[in-house]
Amino acid sequence: MLNNFKSDIAIIRERDPAARGILEILLCYPGFQAIFIHRFTHTLWKNKLPILPRLLSQINRSLTGIEIHPGAKIGKKVFIDHGMGVVIGETSEIGDNVTIYHAVTLGGSSPSIDSERQRHEKRHPTIGDDVVIGSGAQIIGPVKVGNNARIAANAVVVKDVPENATMVGIPARA
C-alpha cells in the first residue's frame with residue numbers, strides 16, 4: 001500500500017507541472033484523494049464486507065467529485081487530473097501509468113436482462129498501460145483499450161482499441 005501511495009504521488013509530480021510539492025498533492029488534488037480512498041474501499045470490497053465499501057465510495061464521491069465503484073481495479077501510477085465528473089464503473093480495470101482527465105466515464109453496458117447474471121459479467125472497460133483518456137471521453141461496455149492508446153477529448157469508444165491507436169469522434173475511430 002505504501003508503494004502505491006508513493007507511486008501515486010510520483011506520477012502527479014511527473015505529469016503535472018503545477019504540482020509544487022507533496023503537501024499540496026495530499027491536500028489539493030482530488031484525483032489523488034479519490035484513488036487513495038478507493039484503494040481502501042477496494043480492499044474492503046475484495047473482503048466481501050457489506051455496505052461499508054459502497055458507503056465510503058459515496059463519501060469519496062461527495063468529497064472529490066469522482067465516482068469510483070469499490071469493485072473497480074486500478075493499477076499503479078494512475079493520475080486523475082481535474083477529476084470532477086469522472087465515473088469508473090464496478091468491473092472497470094485500469095492498468096499502470098494511465099492519465100484520466102475530467103468528465104471521463106468508464107461506463108457499463110447491460111446486455112442481459114437477468115440481474116443475477118449481470119452481477120457477475122464484465123460490463124465495463126479494461127484500460128491497458130500507458131493510456132491517456134481526454135476530457136469528456138466516454139468508454140462504454142466491456143471494451144479493451146490497448147497499451148499506449150490515446151482517447152481524444154469527447155470521443156465515445158464502444159469497440160476495442162488497438163495498442164498505440166489514437167481514437168477520435170463519435171463513435172470513436174482511429
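The values are calculated or read from the model by the stated rules, or taken from the named source; none is laboratory data. These numbers were taken from a predicted model, which means no experiment stands behind them. Because the Cβ atoms are built from the backbone with ideal geometry, glycine has one as well, and the counts that use them run over all protein chains shown. These accessible areas exclude ligands, DNA and RNA; they are computed on the full protein's heavy atoms, side chains included. Shrake-Rupley method; radii C 1.70, N 1.55, O 1.52, S 1.80 Å.
Pairing each residue of segment 138-149 that is free of Cβ contacts under 8 Å to residues at least 24 places away in the same chain with any residue that is among the charged types (D, E, K, R) and crowded, with 16+ Cβ neighbours inside 10 Å, provided the two are 6+ apart or on different chains, yields C-beta distances under 6 Å for Asn148/Asp130. For segment 64-78, indicate whether the set of residues that are more than 11 Å from the chain's Cα centre (by Cα) and closer than 18 Å to Val132 by Cα is non-empty. Checked against the condition, which is being more than 11 Å from the chain's Cα centre (by Cα) and closer than 18 Å to Val132 by Cα, segment 64-78 yields at least one hit. The residues in segment 124-140 that are open to solvent by 30 Å² or more (accessible area, probe 1.4 Å), within 15 Å of Arg15 (Cα to Cα) and under 12 Å from the mean Cα position of the chain (by Cα) can be counted, and the count is 1.
From the residues in segment 107-121 that are in a loop (DSSP other than H, G, I, E, B) and touching a strand residue (DSSP E or B) at 6+ places or on another chain (Cβ under 9 Å), which one is modelled with the lowest pLDDT?
Ranking the qualifying residues of segment 107-121, first place goes to Ser109.
Listed here are the helices (runs of 4 or more DSSP H) enclosed by segment 1-83 that have at least 2 residues being crowded, with 18+ Cβ neighbours inside 10 Å: 2-15, 30-46, 52-64.
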